[in-house]
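Below you'll find the structure, written out as structure tokens, and then a few comments.
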Amino acid sequence: MKKLTIVAKNLRKNSTDAERLLWKHLRRKQVEGLKFRRQQPIGNYIVDFVFFENQLIIEADGGQHAGNEQADREREEWLKREGFKILRFWNNDILNNIEGVMATLMEACDNHPPLTPPIKGGEDKW
């Protein structure tokens, strides 16, 4: 696990242009107040971005995925079995249509229940 943490840290330092742009829009709870993490180890894998509370993963895919279809499929199947939903965006889409990517992401976040707990003292007392 410690090795994956070191790899994740290196990936954060050496992000692609698409990952940097997407992180610029995700960090500091800019998407509906949701806290995303980047280059996060989960099991034996590292995901690009994750919102743990609703188990939502965002992957920025570039040329590195060409030829790795089987490994990517196995990784995705494992993550889904663990309860994660995965949104994939091509780097080209992130770089050239960040507004569309963010709209898709916002729509996916709207499909999740709100994170705010019920108001304290709001329950009926008989």
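The number of residues in the stretch 8-56 being small (Gly, Ala, Ser) and without any contact (Cβ under 8 Å) to a residue 60 or more places away in the chain comes to 3.
Going by the conditions given, is residue 4 in contact with a strand residue (DSSP E or B) (Cβ under 7 Å, 6 or more places away or on another chain), surrounded by 11 or more Cβ atoms within 10 Å (Cβ to Cβ) and in contact (Cβ under 8 Å) with a residue 40 or more places away in the chain?
Numbers: in contact with a strand residue (DSSP E or B) (Cβ under 7 Å, 6 or more places away or on another chain): yes; surrounded by 11 or more Cβ atoms within 10 Å (Cβ to Cβ): yes; in contact (Cβ under 8 Å) with a residue 40 or more places away in the chain: yes.
So residue 4 passes the test.
Among residues belonging to the stretch 1-26 that are aliphatic (A, V, I, L, M) and modelled with pLDDT of 90 or more, point out the one that is nearest to residue 91 (Cα to Cα).
Our first condition is that a residue be aliphatic (A, V, I, L, M); within the stretch 1-26, this holds for 1, 4, 6-8, 11, 18, 21-22, 26.
Cutting the leftovers down to modelled with pLDDT of 90 or more gives us 18, 21-22, 26.
Values: 18: 5, 21: 10, 22: 10, 26: 15 Å.
By that ranking, first place goes to 18.
No other residue among 29, 85 is modelled with pLDDT under 90 and either buried (at least 19 other Cβ atoms within 10 Å of the Cβ) or within 13 Å of the chain's Cα centre (by Cα) (or both) apart from 29.
The single condition among (1) assigned to a loop (DSSP other than H, G, I, E, B); (2) among the β-branched types (Val, Ile, Thr); (3) modelled with pLDDT of 80 or more that residue 116 does not satisfy is (3).
The values are calculated or read from the model by the stated rules, or taken from the named source; none is laboratory data. Everything numeric in this text was worked out from a predicted model, so none of it was measured. All Cβ positions, glycine included, derive from the backbone under ideal geometry; neighbour counts span all protein chains shown.
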